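The values are calculated or read from the model by the stated rules, or taken from the named source; none is laboratory data. Everything numeric in this text was worked out from a predicted model, so none of it was measured. Here the Cβ positions follow ideal geometry from the backbone for every residue, glycine too, while neighbour counts run over all protein chains shown. Quick note on the areas: whole protein, heavy atoms, side chains included, nothing else; ligands and nucleic acids left out. Shrake-Rupley method; radii C 1.70, N 1.55, O 1.52, S 1.80 Å.
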Amino acid sequence: MSGGEPFAREVPIVSTDTVDVLIAGAGPVGLTAAVELRRRGIGCRVVDRLPERLPYAKAVGIQPRTLEIWDRMGLVRAALEAAVPMLGQLTYVNGAERPRIELALPPEVPYGFAALPQYETERILDEFLARFGSRIERGTELVGFAQDADGVTSRLVTASGAQEEVRSRYLVGCDGAHSAVRKGLGLGFEGGAFPEEYMLGDVELDWDMPHGYGVRAMHLGADGAVDDVLVCIPLPGRGRYRISSMVPPELRTAARAESGDGVAHGLDGGAGPSLSHLQDVLDRLAPRPATASALRWSSVFRISHRIVDRYADGRVFVAGDAAHIHPPTGAQGMNTGIQDAYNLAWKLALAIQGGARPELLASYDTERRPVGVEVVGRTVRHAAEGVQADPDDPGTVMLREAQLLLGYQGSPLVGPPEEGDGGADGDGPRAGDRAPDCGGLTGHIAAHPLRLYDLLRDRGHVLLLYAGGDGEPGGTGADGFPALAATARDVSLGRVATCVVLPDAAPAGAGDTMTLPVYRDRRGEFARQYAARGRTAFLVRPDGYLSARLQPPTAGELASRLALVFQV
């Protein structure tokens, strides 16, 4: 396999194909990339070497930020109906209950924490992808690729053993911790592994613990170190939990040789624990009497923490576990990978459609690798010391675990701070911050108030123009908004949608003569969440982060911010 020189043709190629994007790996990360590309009209193929979806509840935690992304994509309803809420965690040490952790978020955050088995996440994404006429090519493995200035030539082996050559403009490796794409590029993957081994099991538990709460029970030895642990995460279904604990001696696999790239991570291929192994742990550590039954699957696993030295090389990219692996603490892994894929997909779509600045794709590594570094470091610390040892206040810790504090303030797509980037007195979201949701927006026709995320759903860039009073009694501050909308339309070749938000205090009929969509901030939530006072422009990216906050906005300032993304 090669990331540069053409590979040797040892076996005749029986078919060839061309496509915009080839995606290796059909887990949640690869499927997210595929769905977002197809939603934006980009052709792609998704191949996976596995003959069918694995029935393992590997990644189960769904973060609020992931639900916001799925809302933007239009598939959140299916996820909400399949998932169960995660309300908090009950912690016990040597049988004594410790303070309960409540997974509470500010009321303006639209979604809470949830639990959903990975195979259900993949099913939902797969079914949504099928709406666009695309399907996963199962039993098909990427065995080689080479890239040049114009594209990537990949070799596939299908389930029948036939070989196929695919020419694509881009290749995206979402093929897991043992990624063939990462190896083919020769990317560094530095890190280490924890010496402990753990076992997982998907079972039904008959006990009287509160619904919706995870359970973490630990035993501390004489030296104060944890020498036994039980973690139970609720799953959809009556009494279903995914439980994990340290492995008994007879199931340890440390003596086994690691894989060729030195990575020992995830589910092991060896013998998994039996129901009796899991029951033994429950008997020792469960805070209340518990009986396990209906074992669906089990496995032994080890934890590694690694990250690539770069997320891209030319026209080839890596995302998810192919780029970063880390402890499962806080359910950060899959959720971080989904955000990788979403960040990359909208940029690939714009580049393929011909409207992107040449440097746009380079921002994928610039924006996402620092996130991966932070997540790997944080989860390693939390695995060793516990989330409770985090020095930040509990509210900040909770928002970070929900992945709501992520920002791109240093991104080349945001640009240097300018006057007006902050809200009144410096509060409110700045360029690079996540665009918060709010409710209470009313239009001229819809009888019920809308959320701001309703206006952003199924769109690309959106220019939000807040028509504050500008200090003038009865003023709407809307003068010049059609010109700003025209600037956005011209620079982006029509790829920016525009909405006007009026304060509730605006006079009746304000905005009626405008050709732009107008919504009234009836409850003042938009003004509060965005710290909007006077006339302000907010440019929201497809992934829900602010590209710019301009107060007051001018056509020239807006054009310069758009030029960081769009080819002018």
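Give the number of residues within segment 528-546 that are in contact with a Lys or Arg (Cβ under 6 Å, 6 or more places away or on another chain) and modelled with pLDDT under 95.
0
I'm told Asp223 meets every condition in (1) over 30 Å from Asp148 (Cβ atoms); (2) open to solvent by less than 50 Å² (accessible area, probe 1.4 Å) except one. Can you identify the failing condition by its number?
Condition not satisfied by Asp223: (2).
All but one of (1) open to solvent by less than 20 Å² (accessible area, probe 1.4 Å); (2) closer than 20 Å to Cys44 by Cα hold for Gly212; which doesn't?
(2)
I'm checking my understanding of the structure. Among residues of segment 349-363 that are touching a strand residue (DSSP E or B) at 6+ places or on another chain (Cβ under 6 Å) and modelled with pLDDT of 95 or more, which one is farthest from Gln403 (Cα to Cα)?
The residue in question is Ile352.
Could you run through segment 283-300 and say how many residues are assigned to a helix (DSSP H, G or I) and either surrounded by fewer than 21 Cβ atoms within 10 Å (Cβ to Cβ) or polar (S, T, N, Q) (or both)? It would help to see each step written out before you state the result.
Here is the first cut: in segment 283-300, the residues assigned to a helix (DSSP H, G or I) are 283-285.
From what is left, the residues that are either surrounded by fewer than 21 Cβ atoms within 10 Å (Cβ to Cβ) or polar (S, T, N, Q) (or both) are 283-284.
Number of matching residues: 2.
How many of the residues in segment 494-513 are within 15 Å of Ile445 (Cβ to Cβ) and open to solvent by 20 Å² or more (accessible area, probe 1.4 Å)?
Going through segment 494-513 one residue at a time, the tally reaches 1.
Tell me, please, whether a residue that is open to solvent by 20 Å² or more (accessible area, probe 1.4 Å) and either acidic (Asp, Glu) or closer than 22 Å to Leu200 by Cα (or both) can be found in segment 98-108.
Taking every residue of segment 98-108 in turn, at least one turns out to be open to solvent by 20 Å² or more (accessible area, probe 1.4 Å) and either acidic (Asp, Glu) or closer than 22 Å to Leu200 by Cα (or both).
Could you tell me which of the residues Glu127, Glu68, Glu108, Glu120 is in a loop (DSSP other than H, G, I, E, B) and acidic (Asp, Glu)? Spell out how you get there, then give the answer.
Details: Glu127 fails: in a loop (DSSP other than H, G, I, E, B); Glu68 fails: in a loop (DSSP other than H, G, I, E, B); Glu120 fails: in a loop (DSSP other than H, G, I, E, B).
Glu108 is the lone residue from the list that is in a loop (DSSP other than H, G, I, E, B) and acidic (Asp, Glu).
Could you figure out which of (1) under 30 Å from Val231 (Cα atoms); (2) in contact with a helix residue (DSSP H, G or I) (Cβ under 7 Å, 6 or more places away or on another chain); (3) crowded, with 19+ Cβ neighbours inside 10 Å isn't true of Leu142?
Failed condition: (1).
Could you tell me whether Leu90 is of a type in the set (A, V, I, L, M, F, W, C), more than 19 Å from Arg457 (Cβ to Cβ) and crowded, with 18+ Cβ neighbours inside 10 Å? Steps first, please.
Values: of a type in the set (A, V, I, L, M, F, W, C): yes; more than 19 Å from Arg457 (Cβ to Cβ): yes; crowded, with 18+ Cβ neighbours inside 10 Å: yes.
Judged against the criteria, Leu90 is a match.
What pairs can you find where one residue is in segment 299-317 and at negative phi and β-branched (Val, Ile, Thr), the other is assigned to a strand (DSSP E or B) and buried (at least 20 other Cβ atoms within 10 Å of the Cβ), and their Cβ atoms are less than 6 Å apart, with a gap of 6+ or different chains?
Val300/Met199; Ile307/His324; Val308/Phe189; Val316/Gln147; Val316/Leu171
Which of the strands (runs of 3 or more DSSP E) found entirely inside segment 135-234 contain at least 2 residues meeting this: among the small types (Gly, Ala, Ser)? Steps first, answer last, please.
On the way: elements: 136-138, 141-147, 152-157, 163-173, 189-206, 213-220, 226-234.
Output list reads 141-147, 163-173, 189-206, 213-220.
Just for segment 127-139: of the residues that are of a type outside the set (Val, Ile, Thr) and open to solvent by less than 40 Å² (accessible area, probe 1.4 Å), which one is farthest from Ser179 (Cα to Cα)? Spell out the reasoning first.
Looking only at segment 127-139, we keep the residues that are of a type outside the set (Val, Ile, Thr), and these are 127-135, 137-139.
Narrowing the set further to residues that are open to solvent by less than 40 Å² (accessible area, probe 1.4 Å) leaves 128-129, 134, 137, 139.
Working: Phe128: 25, Leu129: 23, Ser134: 23, Glu137: 17, Gly139: 16 Å.
It comes out as Phe128.
With respect to Ala384, determine if the residue is among the small types (Gly, Ala, Ser), open to solvent by 40 Å² or more (accessible area, probe 1.4 Å) and either farther than 21 Å from Arg549 by Cβ or modelled with pLDDT under 85 (or both).
yes
Looking at the structure I just gave you, is Leu275 surrounded by fewer than 21 Cβ atoms within 10 Å (Cβ to Cβ) and touching a Leu at 6+ places or on another chain (Cβ under 6 Å)?
Spelling it out, Leu275 is indeed surrounded by fewer than 21 Cβ atoms within 10 Å (Cβ to Cβ) and touching a Leu at 6+ places or on another chain (Cβ under 6 Å).
Every residue in segment 198-218 that is of a type outside the set (A, V, I, L, M), under 15 Å from Asp283 (Cβ atoms) and at pLDDT 95 or above, please.
Asp206, Trp207
Determine whether Ala149 is touching a residue at least 40 places away in the same chain (Cβ under 8 Å), open to solvent by 30 Å² or more (accessible area, probe 1.4 Å), over 28 Å from Ala83 (Cβ atoms) and not aromatic (Phe, Trp, Tyr). Lay out the reasoning, then the answer.
Numbers: touching a residue at least 40 places away in the same chain (Cβ under 8 Å): no; open to solvent by 30 Å² or more (accessible area, probe 1.4 Å): yes; over 28 Å from Ala83 (Cβ atoms): yes; not aromatic (Phe, Trp, Tyr): yes.
So Ala149 does not fit the description; no.
Identify, please: which residue in segment 301-354 is of a type in the set (Phe, Trp, Tyr) and farther than 30 Å from Pro249 by Cβ and is, among those, surrounded by the fewest Cβ atoms within 10 Å (Cβ to Cβ)? If you could, list the steps in order and put the result at the bottom.
Of all residues in segment 301-354, those of a type in the set (Phe, Trp, Tyr) come to 301, 311, 317, 342, 346.
Next, only the ones that are farther than 30 Å from Pro249 by Cβ stay: 311, 317, 342, 346.
Details: Tyr311: 26, Phe317: 30, Tyr342: 24, Trp346: 22.
Here the answer is Trp346.
(1) within 20 Å of the chain's Cα centre (by Cα); (2) touching a residue at least 12 places away in the same chain (Cβ under 8 Å); (3) not in a loop (DSSP other than H, G, I, E, B): which one isn't true of Leu360, the others all being true?
Unmet condition: (3).
Just wondering, is there one or more residues in segment 336-345 that are more than 17 Å from Leu125 (Cβ to Cβ) and in contact with a Lys or Arg (Cβ under 8 Å, 6 or more places away or on another chain)? Reasoning before the result, please.
First, the residues of segment 336-345 that are more than 17 Å from Leu125 (Cβ to Cβ): none.
Checking segment 336-345: not a single residue is more than 17 Å from Leu125 (Cβ to Cβ) and in contact with a Lys or Arg (Cβ under 8 Å, 6 or more places away or on another chain).
Answer yes if at least one residue in segment 475-493 is touching a Pro at 6+ places or on another chain (Cβ under 9 Å), of a type in the set (A, V, I, L, M) and either surrounded by 22 or more Cβ atoms within 10 Å (Cβ to Cβ) or at pLDDT below 85 (or both), and no otherwise.
yes
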